[in-house]
Amino acid sequence: MIGRTEEYEKMFRLEGQLWWYRSLHERVDTALQQQFGQRRDMAILDAGCGTGGLLDFLRRRGYTNLRGLDGSADAVAFCQQRELPVTLVNLKDLAGFEPAVQYDIIVCNDVFCYFTEADLPLLVTALSDRLKPGGVLVCNNNAFDLFRGEHDVAVGIIRRFVRADFECLLPQHGLSIQSATYWSFVLSPLILLIRQWQRLQLALGWHSSDKAQSDVYLPSHWINETLYQAVRTERAILPRTPFGSSLFIVSKKL
Ligand SMILES: C[S@@+](CC[C@H](N)C(=O)[O-])C[C@H]1O[C@@H](n2cnc3c(N)ncnc32)[C@H](O)[C@@H]1O
């Protein structure tokens, strides 16, 4: 994804409106409240913060101690437009960046999918080292290979995950899973159908992978609101679901 300026431009323009980002940001806020109650002064790091949509959302919700890192100069430039405290850092070098600073919360949404099997444990070690004792790692991840589609090709996703991957990985780094859920369950048949159709088109050569487009586009207002409300209702009624294209995990440093 790094280097694809047009993807960062779309993210920056749409993340405040698009149902998927809104749902994810609210999910993060709920997780923070479940762990820290009404406190708003916890030290929060968004590792791989993209164009700063989550940090901007948390700032508007009253969180006061925010920091972001990203490895894309485009992403950092967009964050700077929002006057967010974000630094250009390759997360592969996180261990050497401000090693004495620790956080109450680290959010790392949709970043693990860019790390190989060999590099991911090193990243998780570095993130765990940056958490204070009792600190919380919140991460959202692309789930199930079945959902691989044009979006994955467009933004260079190299892997998808299942819950068992984290049940194995996180405890090895002193992180205990507090909650884990796939989402969105209700929308998964629709998303699956679209992704499988995209895969067929790519396989048959009807779509070229060079021209693959990400899912970051704004549908009509009523479709966007319907999808947002569907996910919101699901989250209220079914806080844990067994299937979906994303996997949201909250873990705690022991
Ligand atoms: C799919 S975007 C997610 C952005 C943001 N976390 C969000 O939820 O909107 C992945 C982000 O990870 C960043 N990223 C990928 N590999 C990275 C690395 N090695 N170091 C730092 N950032 C990286 C990309 O630049 C991009 O901003």
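Please label the shape of segment 44-99 as rounded, prolate or oblate, based on the square roots a ≥ b ≥ c of the eigenvalues of the alpha-carbon gyration tensor (a/c under 1.5 means rounded; beyond that, a/b larger than b/c means prolate, else oblate).
Numbers: a/c = 2.44, a/b = 1.41, b/c = 1.72.
It comes out oblate by the Cα gyration axes.
If one computes the Cα centroid of segment 200-226 and of segment 228-249, what distance in Å separates the two points?
A separation of 22 Å, based on Cα centres.
Measure nothing fancy, just the Cα-based angle from helix 188-203's long axis to the longest principal axis of the chain, in degrees from 0 to 90, nearest 10.
Compared with the principal axis, the helix lies near 60 degrees.
What stretch of the chain, leaving out the sites themselves, is the longest with no GluC sites (Glu not before Pro) in a DSSP loop having at most 14 other Cβ atoms within 10 Å?
118-254
With both bridge residues required to lie in segment 99-247, what share of the DSSP beta bridges run antiparallel, to the nearest 5%? Present the calculation step by step, with values, prior to reporting the outcome.
Numbers: 4 of 9 bridges.
Of all bridge pairs located within segment 99-247, approximately 45 percent are antiparallel.
Assign one of three labels to segment 14-117, namely rounded, prolate or oblate, based on the Cα gyration tensor with a ≥ b ≥ c the square roots of its eigenvalues; rounded applies when a/c is under 1.5, prolate when it is not and a/b is larger than b/c, and oblate otherwise.
It is rounded, given that a/c, with a ≥ b ≥ c, falls under 1.5.
Sorted from largest down, give the three principal axis spans of the alpha carbons of segment 118-254, whole angstrom values.
So the three principal-axis extents are 50, 37, 22 Å.
What does DSSP give for the chain in terms of the percent of beta bridges that are antiparallel, rounded to the nearest 5?
Of those bridges, close to 50 percent are antiparallel.
Roughly how big is the chain's charge dipole about its Cα centre, with Cβ charges of +1 (Lys, Arg) and -1 (Asp, Glu), in debye to the nearest 20?
Value, rounded to 20: 640 debye.
Which of the chymotrypsin sites (Phe, Trp or Tyr not before Pro) found in segment 94-124 are loop residues per DSSP with 15 or fewer other Cβ atoms within 10 Å of their Cβ?
Those satisfying the criteria are PHE97.
Given Cα pairs under 8 Å that are at least 6 residues apart, what percent is the relative contact order of the chain?
Working: 435 pairs, mean separation 57.0, N = 254.
It rounds to 22 percent for the chain.
Which lysines have a Cα lying under 28 Å from the Cα of LYS211, excluding residues fewer than 8 positions away in the same chain?
Correct list for LYS211: LYS10.
List the chymotrypsin sites (Phe, Trp or Tyr not before Pro) within segment 12-42 that DSSP assigns to loop and that have no more than 14 neighbouring Cβ atoms inside 10 Å.
Passing sites in segment 12-42 do not exist.
Below 23 Å, Cα to Cα, which lysines can LYS92 reach? Residues fewer than 8 away in the same chain don't count.
In chain and number order, the partners are LYS132, LYS252, LYS253.
Based on alpha-carbon centroids, what's the gap between segment 95-173 and segment 23-79 in Å, whole number please?
16
Using only the alpha carbon atoms of the chain, find the Kirkwood hydrodynamic radius as the inverse mean reciprocal pair distance, in angstroms to one decimal.
Result for the chain, one decimal place: 18.6 Å.
Among THR125, GLY37, LEU202, flag the residue with its Cα farthest along the positive direction of the charge dipole of the chain, charges on Cβ as +1 for Lys/Arg and -1 for Asp/Glu.
After comparing all options, I get GLY37.
Would you mind getting the accessible area per residue of segment 56-129, heavy atoms of the protein chains only, 1.4 Å probe, in Å²?
45
Running Debye on segment 181-241 with equal point scatterers at the Cα sites and no solvent, what base-10 log of I(q)/I(0) appears at q = 0.14, 0.28 Å⁻¹?
The computed values of log10 I(q)/I(0) come out as -0.54, -1.15.
Quick one: P(r) of segment 75-139 from all Cα-Cα pairs, 10 Å bins, percents rounded to integers, in order of increasing distance.
19, 49, 30, 2
The values are calculated or read from the model by the stated rules, or taken from the named source; none is laboratory data. From a predicted model like this one, the values you see are computed outputs, not experimental measurements. Virtual Cβ from ideal backbone geometry, glycine too; neighbours counted across all protein chains shown. Please note that ligands, DNA and RNA were not included when accessible areas were found on the heavy atoms of the full protein model with its side chains. Shrake-Rupley method; radii C 1.70, N 1.55, O 1.52, S 1.80 Å.
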